[in-house]
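Undergrad: Here it is, the structure, as structure tokens.
The values are calculated or read from the model by the stated rules, or taken from the named source; none is laboratory data. No experiment lies behind these values; they were computed from the predicted model shown. Cβ coordinates were reconstructed from backbone atoms using ideal geometry, including for glycine residues, and neighbour counts include every protein chain displayed.
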């Protein structure tokens, strides 16, 4: 049933390949636990005390609350599928309580530091410098995810309308606008890429002309963010957080930012408003005589 479930979320629910892989990993770990601890191979033998013991096992082995909740979400989806297929009558997940997650505000780079990175920092000469600068500007200028950037093709760029076609989570498409200044950077980069490697499908390539990969992009972003900030967390997702926070700070509507980020619900976007509120509190304390 596991294979049928994975095929269902991939082809019918149209979950992304990363999500399908995560669900598969979670289920593999769960079934390994069932066999090792209880010698259970039949899903019909699983009840809520068994699932609760797995939950305790994960937390005893220092698995964080967010990761545990994701694994429980996987099991909930799996049991909904089993009910749909008539394999089980009810889900034992109804009696499982998810561990509480402490709220963490998204980490972002201050606006002056981003300006320093894009205006003052010198990038390498030639193709690597053009590519690396464009990657940083692409993350900060569009708010796209790492997986979305590595999957970009030249055909996703619409220079006539000034938009990028993005394939996000659950294969949901969205359009992200870009400026005339950014269009010039794209054209300069693409011209140099064509000169070196010809007309290739993928937008970003390695120094040798191969398709770029997530770890390389992560290293590029970490390296350049390290030139302007000492913050511990430096990643492509930090640039996505910075994009959303700075948009809201400058008066962008929450729904517009939601669409640009490709969030399924407004609640996922609202977390960025907390950063704006905290900033206002600091300004109030510094400026108001009775604060």
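Undergrad: Return the pair list, or none, for Cβ contacts closer than 7 Å from residues in the stretch 137-159 that are outside the structural domain of residue 187 (by TED's automatic domain parsing) to residues that are modelled with pLDDT of 95 or more, at least 6 apart or on different chains.
TA: none
Undergrad: Looking at the stretch 97-122 only, could you name the residues that are touching a helix residue (DSSP H, G or I) at 6+ places or on another chain (Cβ under 8 Å) and either surrounded by 17 or more Cβ atoms within 10 Å (Cβ to Cβ) or assigned to a helix (DSSP H, G or I) (or both)?
TA: 108, 109, 111, 114, 117, 118
Undergrad: Looking at this structure, is residue 138 part of a helix (DSSP H, G or I) and closer than 30 Å to residue 49 by Cβ?
TA: No.
Undergrad: Determine, yes or no, whether residue 200 is surrounded by 15 or more Cβ atoms within 10 Å (Cβ to Cβ) and either in contact with a helix residue (DSSP H, G or I) (Cβ under 6 Å, 6 or more places away or on another chain) or free of Cβ contacts under 8 Å to residues at least 24 places away in the same chain (or both).
TA: In short, no.
Undergrad: Here's a follow-up. Among the candidates 43, 56, which residue alone is surrounded by fewer than 13 Cβ atoms within 10 Å (Cβ to Cβ), on the phi < 0 side of the Ramachandran plot, outside the structural domain of residue 272 (by TED's automatic domain parsing) and out of contact with any strand residue (DSSP E or B) (no Cβ under 8 Å at 6 or more places or on another chain)?
TA: After applying the criteria, what remains is 56.
Undergrad: Please count how many residues of the stretch 1-45 are assigned to a loop (DSSP other than H, G, I, E, B) and either closer than 17 Å to residue 86 by Cα or under 23 Å from the mean Cα position of the chain (by Cα) (or both).
TA: 6
Undergrad: Oh, and also: Looking only at the stretch 80-96, count how many residues are under 15 Å from residue 50 (Cα atoms) and either surrounded by fewer than 11 Cβ atoms within 10 Å (Cβ to Cβ) or out of contact with any helix residue (DSSP H, G or I) (no Cβ under 7 Å at 6 or more places or on another chain) (or both).
TA: 1
Undergrad: Surrounded by fewer than 17 Cβ atoms within 10 Å (Cβ to Cβ), under 25 Å from residue 105 (Cβ atoms) and in contact (Cβ under 8 Å) with a residue 24 or more places away in the chain, is that true of residue 224?
TA: On the way: surrounded by fewer than 17 Cβ atoms within 10 Å (Cβ to Cβ): no; under 25 Å from residue 105 (Cβ atoms): yes; in contact (Cβ under 8 Å) with a residue 24 or more places away in the chain: yes.
It is false that residue 224 is surrounded by fewer than 17 Cβ atoms within 10 Å (Cβ to Cβ), under 25 Å from residue 105 (Cβ atoms) and in contact (Cβ under 8 Å) with a residue 24 or more places away in the chain.
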